[in-house]
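Report on the structure given below.
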Amino acid sequence: MLALLLTSLLVQSQAAPANLEAALRRAIAESGAEVAVAYRTLDGRSEVLIDPDKPFHAASTMKVPVMIELFRQVQAGTLHLDDTIVIKNEFRSIVDQSPYKLSEGDDSDKDVYAAVGTPMTLRRLCELMITVSSNFAANLLIDKLGVDNIRRTVTALGADGMQVLRGVEDQKAFDKGLNNTTTARGLLVLFDKLAHGAAVSAQSDAAMIDILKRQQFNDGIPAGVPPGTAVAHKTGTITRIHHDAGIVYAPRPYVLVILVRGLDDQKKSAAVMASLSRLVFATR
């Protein structure tokens, strides 16, 4: 009797991911968008991967490895979160080192622009970079941390699908196709490491998760889970690109990454992500 029960439970556990994948693929086909999905429970027992290695423009999801590198350098003692940077709106293109500035009108945050000429802590810049997706804060941190260091840390964590080349709004680089890119698998690896305290350290990863839980753009993955469910996540949007990736603290917690390309209306792409998130939560 016990053997039959165990066999039945095993069959059910194997069937659930297969049924979920089929449901996700149907929903993706109906969406009219190009979508990649990566899902894995934190216990490692269930996983669904749909086009996990297809590259997408990373948009603001690349701010996650920037945050990880910041906490890595803090852990190493080379920086402190309460160190300050004097805010200056001038950056260098990776194409020819020519200067460029960020436009407040194209950014999602005004606090850093209001602080030009004054100091701001790395802690505050990190908070703004993640929770309101400040491009200005991201570029300042990338310059401080070093893009090569960010890439090395991503590689060391086994998340090669995430490729960080530069800060944001480098138009010359964009025109030459020199963009930050990601895969669903790359983001899955980063969030799985964070969830298990293996990105930097248990204490640092817990602090990063707390920041990600304060995310203010919640029309993707969080819109597909019951109210009150904690989600530590990072979004990313540019023209015809809309992503969300994070850890869902359901009764059986999991990492979910949804990358969407090809829809002009961000309300529609958000609805696609919410519907896929709903399917995952319902059939996890």
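The values are calculated or read from the model by the stated rules, or taken from the named source; none is laboratory data. Given the structure is predicted, the values throughout are model-derived calculations rather than measurements. Note: ideal-geometry Cβ built from the backbone for every residue, glycine included; neighbour counts use all protein chains shown.
Give the number of residues within region 77-91 that are at negative phi and without any contact (Cβ under 8 Å) to a residue 12 or more places away in the chain. First the steps, then the outcome.
First, pick out the residues of region 77-91 that are at negative phi: 78-91.
So of that shortlist, the ones also without any contact (Cβ under 8 Å) to a residue 12 or more places away in the chain come out as 78, 90.
Going through region 77-91 one residue at a time, the tally reaches 2.
Tell me, please, whether a residue that is in contact (Cβ under 8 Å) with a residue 40 or more places away in the chain and touching a Ser or Thr at 6+ places or on another chain (Cβ under 6 Å) can be found in region 257-268.
Yes: region 257-268 contains one or more residues that are in contact (Cβ under 8 Å) with a residue 40 or more places away in the chain and touching a Ser or Thr at 6+ places or on another chain (Cβ under 6 Å).
Being farther than 22 Å from Asn135 by Cβ, in contact with a strand residue (DSSP E or B) (Cβ under 7 Å, 6 or more places away or on another chain) and either part of a helix (DSSP H, G or I) or polar (S, T, N, Q) (or both) is the requirement here; does Val255 meet it? Spell out the reasoning first.
On the way: farther than 22 Å from Asn135 by Cβ: yes; in contact with a strand residue (DSSP E or B) (Cβ under 7 Å, 6 or more places away or on another chain): yes; either part of a helix (DSSP H, G or I) or polar (S, T, N, Q) (or both): no.
Taking the combined requirement at face value, the residue does not satisfy it.
With respect to Gly158, determine if the residue is modelled with pLDDT of 95 or more, on the phi > 0 side of the Ramachandran plot and not in a helix (DSSP H, G or I). Reasoning before the result, please.
Numbers: modelled with pLDDT of 95 or more: yes; on the phi > 0 side of the Ramachandran plot: yes; not in a helix (DSSP H, G or I): yes.
Criteria met by Gly158.
From the list Arg278, Arg214, exactly one residue is over 18 Å from the mean Cα position of the chain (by Cα), modelled with pLDDT of 95 or more and farther than 20 Å from Asp43 by Cβ. Which is it? Outline the logic, then answer.
Values: Arg214 fails: over 18 Å from the mean Cα position of the chain (by Cα).
None of the others qualify; the one that does is Arg278.
Matching residues to (1) touching a residue at least 60 places away in the same chain (Cβ under 8 Å); (2) farther than 28 Å from Thr84 by Cβ:
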{"site": "Ala137", "(1), (2)": "no, no"}
{"site": "Gly158", "(1), (2)": "no, yes"}
{"site": "Thr181", "(1), (2)": "yes, yes"}
{"site": "Val200", "(1), (2)": "yes, no"}
{"site": "Asn218", "(1), (2)": "no, yes"}
{"site": "Ile238", "(1), (2)": "yes, yes"}
{"site": "Pro251", "(1), (2)": "no, yes"}
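Taking into account only those residues within region 95-104 that are surrounded by 15 or more Cβ atoms within 10 Å (Cβ to Cβ) and part of a loop (DSSP other than H, G, I, E, B), which is farthest from the chain's Cα centre (by Cα)?
Val95
For (1) surrounded by 18 or more Cβ atoms within 10 Å (Cβ to Cβ); (2) in contact (Cβ under 8 Å) with a residue 60 or more places away in the chain, each residue gets a yes or a no:
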{"residue": "Leu188", "(1), (2)": "yes, yes"}
{"residue": "Ser204", "(1), (2)": "yes, yes"}
{"residue": "Arg214", "(1), (2)": "no, yes"}
{"residue": "Thr235", "(1), (2)": "yes, yes"}
{"residue": "His243", "(1), (2)": "yes, yes"}
{"residue": "Ala274", "(1), (2)": "yes, no"}
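Pick from region 69-94 the residues that are among the aliphatic types (A, V, I, L, M) and closer than 16 Å to Asp143 by Cβ: which of them is surrounded by the fewest Cβ atoms within 10 Å (Cβ to Cβ)? Can you show your working first?
Here is the first cut: in region 69-94, the residues among the aliphatic types (A, V, I, L, M) are 70, 74, 76, 79, 81, 85-87, 94.
In the following step, the residues that additionally are closer than 16 Å to Asp143 by Cβ were identified as 70, 79, 85-87, 94.
On the way: Leu70: 26, Leu79: 17, Ile85: 18, Val86: 11, Ile87: 19, Ile94: 15.
The qualifying residue surrounded by the fewest Cβ atoms within 10 Å (Cβ to Cβ) is Val86.
Exactly one condition in (1) β-branched (Val, Ile, Thr); (2) closer than 25 Å to Gly161 by Cβ; (3) over 20 Å from the mean Cα position of the chain (by Cα) is false for Ile50; which is it?
(3)
Quick one: which of Phe217, Phe191 is over 22 Å from Val147 (Cα atoms) and aromatic (Phe, Trp, Tyr)?
Numbers: Phe191 fails: over 22 Å from Val147 (Cα atoms).
None of the other options fit; the residue is Phe217.
For region 129-141, enumerate the residues that are surrounded by fewer than 24 Cβ atoms within 10 Å (Cβ to Cβ) and part of a helix (DSSP H, G or I).
If we filter region 129-141 for residues that are surrounded by fewer than 24 Cβ atoms within 10 Å (Cβ to Cβ), which is where we start, we get 131-132, 135, 141.
Result: Thr131, Asn135, Leu141.
For region 222-250, how many residues are hydroxyl-bearing (Ser, Thr, Tyr) and outside any loop (DSSP other than H, G, I, E, B)?
Step one: of region 222-250, the residues hydroxyl-bearing (Ser, Thr, Tyr) are 229, 235, 237, 239, 249.
Of the ones still in play, those that are also outside any loop (DSSP other than H, G, I, E, B) are 235, 237.
Residues that pass the stated criteria total 2.
When region 105-125 is examined, which residues are found to be under 22 Å from the mean Cα position of the chain (by Cα), outside any loop (DSSP other than H, G, I, E, B) and surrounded by fewer than 16 Cβ atoms within 10 Å (Cβ to Cβ)?
Asp106
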